[in-house]
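**Student:** If you scroll down you'll find the structure; I have some questions about it.
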Amino acid sequence: MDVFKNIIATKIAQATDLKIEQIKSYIEIPKGNENGDYAFPCFRLAKELRKAPPVIAQEIAEKVLVNNINNAIDKIEVTGGYVNFFINKEEMAKQILANFSNQGQYGSSKIGQGKNVVIDYSAPNIAKPFHIGHLRTTVLGGALYNIYKYLGYNAIGLNYLGDYGTQFGKLIEGYKRWGNEYKIDEDPINELMKIYIRINALCKEDEKVLEACRGNFKKLEDGDPYCVELWEKFKKVSIKEFQKIYDLLGSKFDSWDGEAKIAPKAKEVIKILEENGTLIQSQGAKIVDLENEGISTPCMIQKSDGSTTYASRDLAAIMYRAKTYDFDKALYVTSYEQILHFKQVFSVAKHLGIDDKYVKGLEHVSYGMVMLPTGKMSTREGNIVKIEDLLNESIKRAEEIIAHKNPELENKEEIAKKVGVGAIIFSNLSTSRVKDITFDWNAILNFQGETGPYIQYTYVRTQSVLKKSGYIPEIAEVSFEWLTDNYSQEVLKLICKFEEILEQVTQKEEPAILAHYLIDLAKAYSSFYNENKIIGENEEIQNTRVYLTRATGEVLKIGAKLLGMEMPEKM
């Protein structure tokens, strides 16, 4: 919790008719130290109070000065329409560092207590390689899952496997035709992918083959024993392969139920929409016209052959999740290519007869694509990069860099794993999720850039300082007067913001906010480290700077863990 923002908000509330929470939402952190530590802009109040912002700022400053009865605020200045607050530097250090008595939980809160958040992420397709196109959903969803939990929410991670759809009709047809030509038991995913690529090419050439594939999918929906047996085999071998990736990424899920479990419930969706007059016939299919919702493309609920669609199954999933999890939020972490799909689905959900709170809680957390230097990937054409290969390559490259930098380092393989995997995770989270990413080895494994390895390197530096000091002092041994320089203050201000940063992540569903924060903290500590002698000063100064180092390392480690990264102790 930002103690000083609360103090300032309380004092402004005493001087105005504004509510504390409203004031806190207005308060800003100025970019330059010359403008204070906090700033309250008065521009939004001009219309309501019918006064110029500088006049309002001056009146607030005068009233706050009268009520300034503690030592937290050193000085108040008015600059244009801003009221700038300068915090007592020793008091700032004392208030912030006093919160580190409970190690390992700094920045956690109970803000989400009693609220359920369902997060649908990763969701690879069975019988296909877990490729780089599924990487961002896996790490974005995993980070959101961790952060929501840390803030006290009851987060439920769902791996909604792609285990249903026409593509399985294709795979079944390909297996019927050529299954004995491939070594399915030896290398299941790669061999199944070869079959899928081959049958997909044949479907493009022969419409009759495509119709046979569609027929297989209908048989699968109807419970045909042969088709179900094949499907179960495909799913079993796929999950076994996927788990290898999740073990590397540290991904965990509370449910692995895929589309197959939900598909039978789609009939209830169709029945509800038919009974309330929402469904209409269109060329043999059943659709929902969304023109009144501002969506020109209708939502197909049932195909002309009677089979369900992604939309009808997603609507069934909404009903199931509302009943099972009573969610306050339901997040769908998928690419921006599905923006229209979820607009349609969320609009149709209003007609399902479920409580309005569930409809309001639906949110599509879209993200940009991960691009290869040669362009977009396609599973159908076989132009893919498997995540397992990507992670292993990153670990290999990290080990080469570490061996070059520190040949005598022990456990290089274990450290390289943390660095290599962490580099991949951070590169996917540090860019705003709506932007595309073009994969670049030189950028993600740069130990000096705004990267995962840089954050890990800074953390290792903090641990080295603690080891050299020989012990970690108690808060009673800290003299806050030695933390009033600009470099110490910058580190302290960032540490103070940690909980607020986590809350911002959940407000915008944007882990990049935390990633950028960790870079800023690492940079600030590096400046502090370079400008202040820590070990070898007198005991009072050393204790104080070591304690700040310990606090910095703890926040870096917690923040990285929330993103899904592990911190090495040496590097």
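**Student:** Could you please give the count of residues in the range 30-42 that are closer than 13 Å to Y82 by Cβ and exposed (fewer than 15 other Cβ atoms within 10 Å of the Cβ)? Give the steps one after another, and end with the answer.
**Tutor:** Here is the first cut: in the range 30-42, the residues closer than 13 Å to Y82 by Cβ are 30-32, 34-42.
Adding the requirement that they be exposed (fewer than 15 other Cβ atoms within 10 Å of the Cβ) leaves 31-32, 34.
Result for the range 30-42: 3.
**Student:** Assuming I12 fulfils every condition listed in (1) under 25 Å from Q504 (Cβ atoms); (2) out of contact with any Leu (no Cβ under 9 Å at 6 or more places or on another chain) apart from one, which condition is it?
**Tutor:** Every condition holds for I12 apart from (2).
**Student:** Could you look through the range 264-291, keep only residues that are free of Cβ contacts under 8 Å to residues at least 40 places away in the same chain and of a type in the set (G, A, S), and pick out the one that is farthest from T309 (Cα to Cα)?
**Tutor:** G277
**Student:** I've got another one for you. Is it the case, given these coordinates, that D37 is among the acidic types (D, E) and either at positive phi or without any contact (Cβ under 8 Å) to a residue 40 or more places away in the chain (or both)?
**Tutor:** No; evaluated as a whole, the condition is false for this residue.
**Student:** Out of curiosity, is K261 without any contact (Cβ under 8 Å) to a residue 24 or more places away in the chain, more than 30 Å from I424 (Cβ to Cβ) and assigned to a helix (DSSP H, G or I)?
**Tutor:** Yes; evaluated as a whole, the condition is true for this residue.
**Student:** Search the range 427-480 for residues being polar (S, T, N, Q) and part of a loop (DSSP other than H, G, I, E, B), and hand back the single one that is farthest from K508 (Cα to Cα). Steps first, please.
**Tutor:** Within the range 427-480, the first condition is being polar (S, T, N, Q), and the residues that meet it are 427-428, 430-432, 438, 442, 446, 448, 451, 456, 458, 462-464, 469, 479.
Then keep just the ones that are part of a loop (DSSP other than H, G, I, E, B); that gives 430-432, 446, 448, 451, 479.
Details: S430: 14, T431: 14, S432: 11, N446: 28, Q448: 28, T451: 22, S479: 38 Å.
Checking each candidate, the answer is S479.
**Student:** Given the residues E540, E566, which is the only one that is surrounded by fewer than 20 Cβ atoms within 10 Å (Cβ to Cβ) and in a loop (DSSP other than H, G, I, E, B)?
**Tutor:** Every option except E566 fails the conditions.
**Student:** Let me ask you something else. Restricting the search to the range 166-189, which residues are under 23 Å from Y310 (Cα atoms) and within 36 Å of the chain's Cα centre (by Cα)?
**Tutor:** Once the filter is applied, which keeps residues that are under 23 Å from Y310 (Cα atoms) and within 36 Å of the chain's Cα centre (by Cα), the range 166-189 yields T166, Q167, F168, G169, K170, L171, I172.
**Student:** Does the range 175-185 include one or more residues that are of a type outside the set (D, E, K, R), free of Cβ contacts under 8 Å to residues at least 60 places away in the same chain and either closer than 15 Å to N125 by Cα or part of a loop (DSSP other than H, G, I, E, B) (or both)?
**Tutor:** Yes; the residues of the range 175-185 include at least one that is of a type outside the set (D, E, K, R), free of Cβ contacts under 8 Å to residues at least 60 places away in the same chain and either closer than 15 Å to N125 by Cα or part of a loop (DSSP other than H, G, I, E, B) (or both).
**Student:** Next question. Looking only at the range 418-446, how many residues end up being closer than 18 Å to T138 by Cα and free of Cβ contacts under 8 Å to residues at least 40 places away in the same chain?
**Tutor:** The qualifying residues number 3.
So that you can scan it fast, the table gives a plain yes or no per residue for (1) touching a residue at least 12 places away in the same chain (Cβ under 8 Å); (2) surrounded by fewer than 21 Cβ atoms within 10 Å (Cβ to Cβ); (3) not in a helix (DSSP H, G or I):
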| position | (1), (2), (3) |
| --- | --- |
| F327 | yes, no, yes |
| A330 | yes, no, yes |
| T334 | yes, no, yes |
| V345 | yes, no, no |
| L352 | yes, yes, yes |
| K357 | yes, yes, no |
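**Student:** Taking L279, is it over 28 Å from K386 (Cα atoms) and either crowded, with 21+ Cβ neighbours inside 10 Å or more than 32 Å from the chain's Cα centre (by Cα) (or both)? Give the steps one after another, and end with the answer.
**Tutor:** On the way: over 28 Å from K386 (Cα atoms): yes; either crowded, with 21+ Cβ neighbours inside 10 Å or more than 32 Å from the chain's Cα centre (by Cα) (or both): yes.
Taking the combined requirement at face value, the residue satisfies it.
**Student:** What's the number of the condition K235 fails, among (1) surrounded by 16 or more Cβ atoms within 10 Å (Cβ to Cβ); (2) basic (K, R); (3) farther than 30 Å from N392 by Cβ?
**Tutor:** For K235, the exception is condition (3).
**Student:** Given the residues K149, K115, which is the only one that is without any contact (Cβ under 8 Å) to a residue 40 or more places away in the chain and under 21 Å from the mean Cα position of the chain (by Cα)? Outline the logic, then answer.
**Tutor:** On the way: K115 fails: without any contact (Cβ under 8 Å) to a residue 40 or more places away in the chain.
The conditions single out K149.
**Student:** Can you tell me which residue among G162, G114 is surrounded by fewer than 23 Cβ atoms within 10 Å (Cβ to Cβ) and at negative phi? Give the steps one after another, and end with the answer.
**Tutor:** Working: G114 fails: at negative phi.
Exactly one of G162, G114 is surrounded by fewer than 23 Cβ atoms within 10 Å (Cβ to Cβ) and at negative phi, namely G162.
**Student:** For the range 434-474, name all the residues that are more than 16 Å from V555 (Cβ to Cβ), surrounded by fewer than 19 Cβ atoms within 10 Å (Cβ to Cβ) and among the β-branched types (V, I, T).
**Tutor:** Across the range 434-474, the qualifying residues are V434, T438.
**Student:** Something else: Can you tell me which residues in the range 359-379 are part of a loop (DSSP other than H, G, I, E, B), surrounded by 15 or more Cβ atoms within 10 Å (Cβ to Cβ) and at pLDDT below 90?
**Tutor:** Quick first cut of the range 359-379, residues part of a loop (DSSP other than H, G, I, E, B) only: 361, 368-369, 373-374, 376-377, 379.
Of the ones still in play, those that are also surrounded by 15 or more Cβ atoms within 10 Å (Cβ to Cβ) are 361, 368-369, 377, 379.
The answer is M369, M377, T379.
**Student:** Of everything in the range 10-29, what is under 11 Å from P41 (Cα atoms) and either out of contact with any helix residue (DSSP H, G or I) (no Cβ under 6 Å at 6 or more places or on another chain) or assigned by TED's automatic domain parsing to the domain that holds K497 (or both)? Give them in sequence order.
**Tutor:** Correct list: S25, Y26, E28, I29.
**Student:** Among (1) within 26 Å of the chain's Cα centre (by Cα); (2) at pLDDT 90 or above, which single condition is E241 missing?
**Tutor:** (2) is the only condition that E241 fails.
The values are calculated or read from the model by the stated rules, or taken from the named source; none is laboratory data. Nothing here was measured: the structure is a model prediction, and the numbers come from that model. Glycine gets a Cβ as well: all are built from the backbone with ideal geometry, and neighbour counts include every protein chain shown.
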